[in-house]
Amino acid sequence: MTAQSPNQFYGDFFMDKKERLRIFGTNIAKLLKANEGSFVIFEEKVYHKYVQFAGSKEASGWFIIDIPLIELSKDEEKRLLSLNEFSKCHRSRDIKSNEPISFQIHYTQEDVQKAAQLTEEIFIEVFKLAPDYNFKVELILT
């Protein structure tokens with residue numbers, strides 16, 4: 001990973017599932033030590049599909065996965081909601097229109113590896129990427 005600024009990291013990766021899970025977990029865990037407003041985005045490089053997380057030390061060990069609806073096709077939305085983790089997810093809504101804008105799941109600090117595994121499932125099962133997909137990481141620590 002190379003630093004773009006003292007608090008922003010970005011990298012390109014091409015690896016197997018085990019290494020992806022390690023990188024997902026490591027970056028999600030960094031949110032739990034960061035200030036409010038920190039986030040990480042894992043983005044697939046060809047189709048630009050992504051999974052994002054937000055969290056901070058001020059959140060008392062909580063972090064969230066956030067999947068924007070605007071980024072999902074109808075089929076991807078159905079596949080996402082068919083995953084056990086998303087069967088009871090929170091749907092955040094636009095303040096003005098009250099329309100759903102994203103699917104969210106709240107996690108505690110003990111769930112970092114569970115969230116890493118879910119990230120992998122989303123890329124493979126929801127976005128239907130090849131098992132050797134390439135992704136980049138954008139970690140913003142405030």
Condition check for Phe123: surrounded by 20 or more Cβ atoms within 10 Å (Cβ to Cβ) and in a strand (DSSP E or B): no
- request: Return yes or no: is Thr108 among the polar types (S, T, N, Q) and under 16 Å from the mean Cα position of the chain (by Cα)?
  value: yes
- prompt: Has the range 74-90 got any residue that is surrounded by fewer than 16 Cβ atoms within 10 Å (Cβ to Cβ), touching a residue at least 24 places away in the same chain (Cβ under 8 Å) and closer than 25 Å to Asn35 by Cα?
  reply: no
One residue from Ile28, Ile70, Ile64, Ile41 being in contact with a His (Cβ under 8 Å, 6 or more places away or on another chain) and within 20 Å of Cys89 (Cα to Cα): Ile64
- prompt: Does Ala59 fit the bill of being under 24 Å from Thr142 (Cβ atoms), at pLDDT 90 or above and of a type outside the set (Phe, Trp, Tyr)?
  reply: no
message: I'd like to check which strands (runs of 3 or more DSSP E) are fully inside the range 29-120 and have at least 2 residues that are of a type in the set (Gly, Ala, Ser).
response: 50-55
field: Options Gln113, Gln117, Gln52, Gln109: the member that is touching a residue at least 24 places away in the same chain (Cβ under 8 Å) and within 17 Å of Ser38 (Cα to Cα)
entry: Gln109
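The values are calculated or read from the model by the stated rules, or taken from the named source; none is laboratory data. Keep in mind it's a predicted model, so treat the numbers as computed, not measured. Cβ sites come from the backbone with ideal geometry, for glycine too, and all protein chains shown count toward neighbours.
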